[in-house]
Structures are given as structure tokens and as C-alpha cells.
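Some notes on the structure that comes next.
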Amino acid sequence: RSVYDDQPNAHQRFMEKLDACIRNHDREIEKMCNFHHQGFVDAITELLKVRADAEKLKVQVTDTNRRLQDAGKEVIAQTEEIIRCRVQQRNITTVVEKLQLCLPVLEMYSKLKEQMNVKRYYSALKTMEQLENLYLPRVSQYRFCQIMIENLPKLREEIKEISMSDLKDFLESIRKHSDRIGETAMKQAQQQKTFSTALQKQNNVNYGRNMHLGRSRILESKNEITLKRTFEEDDEHEEEVLTAQDLVDFSPVYRCLHIYSVLGDGEIFENYYRKQRRKQARLVLQPQSSMHETVEGYRRYFSQIVGFFVVEDHILHVTQGLVTRTYTDELWNMALSKIIAVLRTHSSYCSDPDLVLELKNLIVVFADTLQGYGFPVNRLFDLLFEIRDQYNETLLKKWSGLFRDIFEADNYSPIPVANEEEYKIVISKFPFQDPELDKQSFPKKLPMSQSVPQIYIQVKEFIYASLKFSESLHRSSTEIDDMLRKSTNLLLTRTLSSCLQNLIKKPHIGLTELVQIIINTTHLEQACKYLEDFISNITNISQVTVHTARLYGLSTFKDARHAAEGEIYTKLNQKIDEFIQIADYDWTMSESDGRASGYLMDLINFLRSTFQVFTHLPGKVAQTACMSACQHLSTSLMQMLLDSELKQISMGAIQQFNLDVIQCELFASSEPVPGFQGDTLQLAFIDLRQLLDLFMVWDWSTYLADYGQATSKYLRVNPSTALTLLEK
């Protein structure tokens, strides 16, 4: 910068000094080159000499290299072979190491396949788990391992499908065997109950022995024999009795449960199992349409239900979570409602009391069996009370037929007994006591007919039949006594009463039969107290108990007696009407025949013989019948005179009619039935007598003069009646 910034010509002076400096350097270089030139020449000369030697050395080195290369070829080949062997050895070592890792995997997979083939699915799942968690991760880089990994889910699904198929077979198997399982369980429950009953009797005998040792020794030995026999029978049955496990292989359900639990699908399996079992429950609870026809139909129905719940109870106790107590209780409540509805419907079709009784016994065994497995059965015993009413209805229908047959077969005549033996046979059947009759010698006749002891026996048989249903209902003796009395009351007040009423109304039942029916009902009424004693004896309930119902047989037999009495009055009047209809008066006759009409004499003879039969009747009944007959005869004769179709009557006809009325009055005065006071019976004909006297004597002045006075001779003659007859 100073060159350019200073005084003018400074650049020129700089360039001049620079050139002078360059010349000085050139001179120094030249001096140096001159000093070293000889050494350079010597070096070049020396190099030229070496050049020839280098050529020789090159040739020698080339030759040596050639010979060395030829000698190293074999070494190189051997070295390459060694390298190749070393690589193979390393590869083999690697393969062995890898195979040592893969072999356990392959062995486990082979084991898995073998387990699948022999259907050890639970073990196969465990093997899969080991493969996935322990073995396959070590060799996961190999393709065959990838194939295995892809196959394992498929194998799991296959196991699930196979185990589910086994479960379906199991469900089908228990559906087929449920009736056999139930039958076995019910048989065991019944045997247990029989054994308990025998044991209880034995305990009672032992207790009684302490109090009455001498008297009960024979009874004790008998009961011991019975108990021993029961033990032996139970031992024999125990050898034959099969359990649910003997009849059904439960391993499929255990296996399936374990498999699904291992696979984490336990809840799915539980839901499926419960759903399928609910479906089976609905099928089991669906009865056959003809179930009510035979007891076998009911037994099969109950056996299937018991078998179903025995299996569920077994599953409940041997598995955890598959079936819970809540689930079984819910299923049982659903089933119980259905069972009760089915039994209500089908039992209503039963008309045979024996079938209803067998049904009751089956229900009791059914309830006891399931109660032994922990299921509540109170509603079943409540249902039995409903069925008991129906059973009583079927009994009443059956006994109605028995009563009808007895009444139809009866000859309605007193029972003849030829000797003491026959007499004892009769009184062994019927509680008859008559000191007066006992004093008579054989042969003699008992007042009632054959139907009385037969009816009494059938009433006792009805009580026994009704008692059979009340057994095993877990009710107290007081309740059983009350049930027996109520059902017996129904038999007396409804069934027997209806049969008696129908019998009395039958057209072929005559006056003699009606009289015998009245006598029979009197004796049956007296036997009611013995029936009450009979019920008290079989129930061990005293009649003085406050809640003991009474038998209403008294009213039944009284009503029947009243009906029979009314029918006697009606039939007597009908018979009188039949005689009146055959009366054939000649109303224009000039004078009477001098004797009473034939039809009237026949009628009076009939009445005499009839009232003789009435001697066995209570006096009031015979008197009422006699009075009713006389009044009806008097009324009928009066209507005959006043008949509107009769236009003209002669005095001769009046005289003939008077003769007939005289015979009626003679009959009334002869006291056909004892017990009438004075001329009470003759008053039945007073109207006719005064009317006929008025016309026979032609005492019109007296009639008109005394009319309306209490002392009138013709007080009972109505003016209109007298006028009508006067016109005729």
C-alpha cells in the first residue's frame, strides 16, 4: 500500500530494486549448481552401472517367483480343502446344536399327535401349552415351527369339537338312561324308608319290652325276625342296586369341562351345558298324552325326572362351577311348577281310585327321593291334598256303584238265620243288638235285610280306602282323623243318600220294599256311632277331642226315611187311584145291589194286608200312612160323586154308594193300625157320611134350619156340594 500511496515514482523505484534482488538470487543459484554438478554426474554414472545389475536381478526374481508359484499350488489346494472341511465341521456342529434344540420340539409334537390319536385331549392341551411357552420360542425361526404354530390353534379347535361331540353323546346317554337312574334312586329311597320303618318298629318293640316284658316277648321275636328279614333283603338289593356312575360314564363331561377351562372358554361351556340341560328338562317334563291311563306311565314320568335331577346333583358335587346350587334350585322350581300343573291335569282324568292311590304312592316316593337329594318338596305334599279330594271323588263314584249293586241285589226281606252260627256271622258284619230277638229260638229273622250289613261293610271298606291315601303324607293323627271323618261324611250325606233317594224313587220299589228300606235306614242310623268308634280306633284319636268332626249319617238316614215315608204315602194313594179307576157304578140304577161294590172290597182287603206289613214301622209312620190313605179314599169318592161328566144320579145309585162308604167306615173303625184314639180314623169319611145322610133321609128342612150352627147335624156339608149333587 505504501508503494501506491507514497510520493510519485515510488512504484518504479520498487520494481527496480526487485529486479536487482532477482539478479542476486540467480547468481547464488548458479554458484550452487556449479558446486554440485560433479556429484550429479558421478551419481548418474553410478546409476547406469546399477541398471545392468537390476536387469539380472529382475530375471532371477521372476524365475524364483515362477518356481515358488509352481511349488505353492499343491499347498493352496490342500489349504482350500482344509478350509472346506473346517466349514463343513462348523456347519455340522451348528446343525447338531440346532437339532438338539429342534428334537424336543419334534418329540413333543409327536407326543401331541399320539395323545390326539388315543383321545387324551387334556394331556394334549398341556403338551400344546409346553410347546408354545417353552420349546417353540427357541426355534421359532424355522419354517416347520411356523407350520406347527399355525396348526396348534386348529388342533385346539379340533379338541374342542371332539370334546363337544363327546359331551353331546353324554347328554344323549343320560337322556336315555335318566329313567333307569331315576328308577334306581326311587327304589333305593323306598328301601331306605322300609328299613327306617322296620327299625322304628323294632325300637318301639324294645321300648314296649321294658314295660311289658312277658306279654310282648312273642311280638318282639316276630318283629326281630321281620327286621332281620328286612336287613337281608336290603343286603340282597344292595348287591343289585346300581348308582348313577354305574349306569352313565361321566368322564366326557369332566373331560370337556377341563378342556374348556384350560382353553379359557369355561364360561362358554357352562352356558352351553346349562342351556342343553334346560332343553332336556323341558323334554323330560313333557308327559305322554296317555300317561294317565296306567301307573307305568306315571312311574316312567317320575323316573325320568328323578334321573335328571340325580345327574344334576352328581354334577353339582363332583364339579366346581359347572352346576351351582342356585342353578339347580331355579331349575327345580321351574320343574316343580310344571310337574304340579301336569299332575293336576292328568290326575283329573283318573276315574279309577286304585290308580289314583298308586299315583299318590308314586308321588310320595318321588318326593322322598328328591328330598333326600336336598330339593324342597312341600308343594308336592300340598298337591297331594288336592289329589286326595279327587281320590275321594273317585272313591265316592266307585262306592256309588257298589251301593247301587247292593240295593239291586237285595230282596228287601228280613234276614233269616237258621242257627247260632249264621246269627254270629251276621252280627260279626254288622253291630246288631236286640235283647228281645235274642230270647227267641232259632230259626228266626233279623229285622233288616241283606243290604244293611253289606252297606256297613262297604262304609268301613271306604274308610280303609280313604285311610290308605292319608298314609305317608307327613300329617298328624288328628289331621288324618279329620280327613277320614270328612270323607266318610261325604260318603253318607252325598253318595249313600243319593243312592237311597234314587232307590226310593224307582218304579219297581213297592210298599213292602219301602217299609223294609225304612227299617234298614233305622238300623244304619243306629250303627253310625260304631263307625265313629271304628275311625277313632284306627287313628288313635279320642272322640272327646275338641276338633273331632262328627258323622252326619243320622241326618242322611232320617232324610231317606222321610223320603221313603213320603213315597209310601204317594204309592198308597196311587194304588187307591188304581182301584177307583176300575169302579163301575150304574148311576141310573133303580135300587142298590144290597152289598158293597167288588172293587171297594178288593181295595179294603189290599189296605188291610198292607197295613199288616206296617207293623214293623214306627207307630207314627203307620198311623200317618193309614190316615193319609183314608183321607185320599174319601176325597176320591167325593170327587167321583161331583164329577162334572156325571150328569144324573138315581137314588138307587146313592144307596149303592152309601153301602160302599159304610164298608170304608167299618174298615176305619176296625183299627187297621193301632194307636188311633177313638173314632179319629172314621172322621176321614165324615164329609161323605153327612152328605149321604142328607140325601138318604132327605132331611133338607133340618139342614136349612141348622145351617151355620156349630151343633148342626150336617155341619160338614158344603151348600155348593149339596146343590151340585141335588141337581144330579
With T = 4 °C, eta = 1.567 mPa s and Kirkwood Rh from C-alpha pairs, the Stokes-Einstein D of the stretch 566-641 in µm²/s is about 96 µm²/s
Which is farthest toward the positive dipole end of the chain among Leu646, Ile406, Ile82, measuring Cα position about the Cα centre, with Cβ charges +1 (Lys, Arg) and -1 (Asp, Glu)? Ile82
Considering only protein heavy atoms and a 1.4 Å probe, what is the carbon-and-sulfur percentage of the accessible area of the chain? 52 percent
Using 7 Å Cα-to-Cβ label points, what is the Arg379/Ser609 separation (nm, one decimal)? 7.0 nm
Probe 1.4 Å, all chains present, heavy atoms only: Lys168 accessible area in Å², nearest 10, is 110 Å²
Estimated dipole of the chain in Debye, rounded to 20 [Cβ of Lys and Arg +1, of Asp and Glu -1, Cα centre]: 3160 debye
Starting from 0.36 nm per residue, how many nanometres of slack lie between Thr478 and Arg143 once their C-alpha separation is accounted for? 111.9 nm
For Ile149, Ile340, what's the largest-to-smallest order of accessible area, 1.4 Å probe? Ile149, Ile340
So what J values fall out for the stretch 11-17 if you push phi through Karplus, 6.51 cos²θ - 1.76 cosθ + 1.60 with θ = phi - 60°, rounded to Hz, Gly and Pro as x? 5, 5, 4, 5, 4, 5, 5
Paramagnetic reach from Asp405 (point 7 Å along Cα→Cβ, amide N under 15 Å) across the stretch 504-532: none
Principal axis dimensions, largest first and in whole angstrom, of the stretch 267-375 by Cα: 49, 25, 19
Please list, in chain and number order, the residues 5+ apart from Ile415 or on another chain whose amide H is under 5 Å from its amide H, with Hs placed from the backbone. Leu446, Met448
Taking θ as phi - 60°, what are the ³J(HN,Hα) couplings along the stretch 515-526 by the Karplus curve (6.51, -1.76, 1.60), each to the nearest whole Hz, with x for Gly and Pro? 4, 5, 4, 4, 5, 4, 5, 4, 6, 5, 4, 5
Less than 11 Å Cβ to Cβ from Pro447, Lys/Arg counted +1 and Asp/Glu -1: what total charge do the surrounding residues give? 0
Full extension between Asp249 and Ile82 adds, at 0.36 nm per residue less the Cα distance, a length in nm of 53.3 nm
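Using the heavy atoms of the protein chains alone and a 1.4 angstrom probe, what is the accessible area of the chain per residue in square angstrom?
Using a 1.4 Å probe on heavy atoms only, each residue of the chain averages 57 Å².
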Report Rg (one decimal) and Dmax (nearest whole number) for the stretch 36-155, counting Cα atoms only, units Å. 35.2, 110
Summed side-chain charge close to Asp660 - residues other than Asp660 whose Cβ falls under 14 Å, Lys, Arg +1, Asp, Glu -1: -3
Net charge over other residues, Cβ less than 15 angstrom from the Cβ of Ala560 (K, R count +1; D, E count -1): 0
Packing-based ranking, highest mean first, of 95-106, 480-491 given that Cβ atoms within 10 Å are counted: 480-491, 95-106
What accessible area, in Å² to the nearest ten, does a 1.4 Å probe give for Trp587? 40 Å²
Taking all pairs of different Cα atoms in the chain, averaging 1/r and flipping that mean, what Kirkwood radius in angstroms comes out? 39.8 Å
Length added when fully stretched, Glu267-Ser590, from 0.36 nm per residue minus Cα-Cα: 104.4 nm
With label points set 7 Å from each Cα along the Cα-to-Cβ direction at Arg325 and Asp533, the distance between them in nm comes to 5.4 nm
Give me a comma-separated list of calculated 3J(HN,Hα) values for the stretch 638-652, in order, Karplus coefficients 6.51, -1.76, 1.60 applied at θ = phi - 60°, integers in Hz, x for any Gly or Pro. 4, 5, 5, 5, 9, 4, 5, 6, 8, 9, 8, 10, 8, 5, x
Relative contact order for the stretch 257-369: what percent, with Cα pairs under 8 Å and sequence separation of 6 or more? 31 percent
Ranking Glu408, Glu471 from most to least accessible area with a 1.4 Å probe gives Glu408, Glu471
Solvent-accessible area of Phe676 with every protein chain in place, 1.4 Å probe, in Å² to the nearest 10: 40 Å²
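Rounded to the nearest 0.05, what FRET efficiency is calculated for His25 and Lys58 with R0 set to 30 Å and r the Cβ-Cβ distance?
It comes to 0.10.
The values are calculated or read from the model by the stated rules, or taken from the named source; none is laboratory data. The structure presented is a predicted model; accordingly, all values stated were derived computationally and were not measured. Virtual Cβ from ideal backbone geometry, glycine too; neighbours counted across all protein chains shown. What goes into the accessible areas is simple: the full protein's heavy atoms, side chains included, and nothing from ligands, DNA or RNA. Shrake-Rupley method; radii C 1.70, N 1.55, O 1.52, S 1.80 Å.
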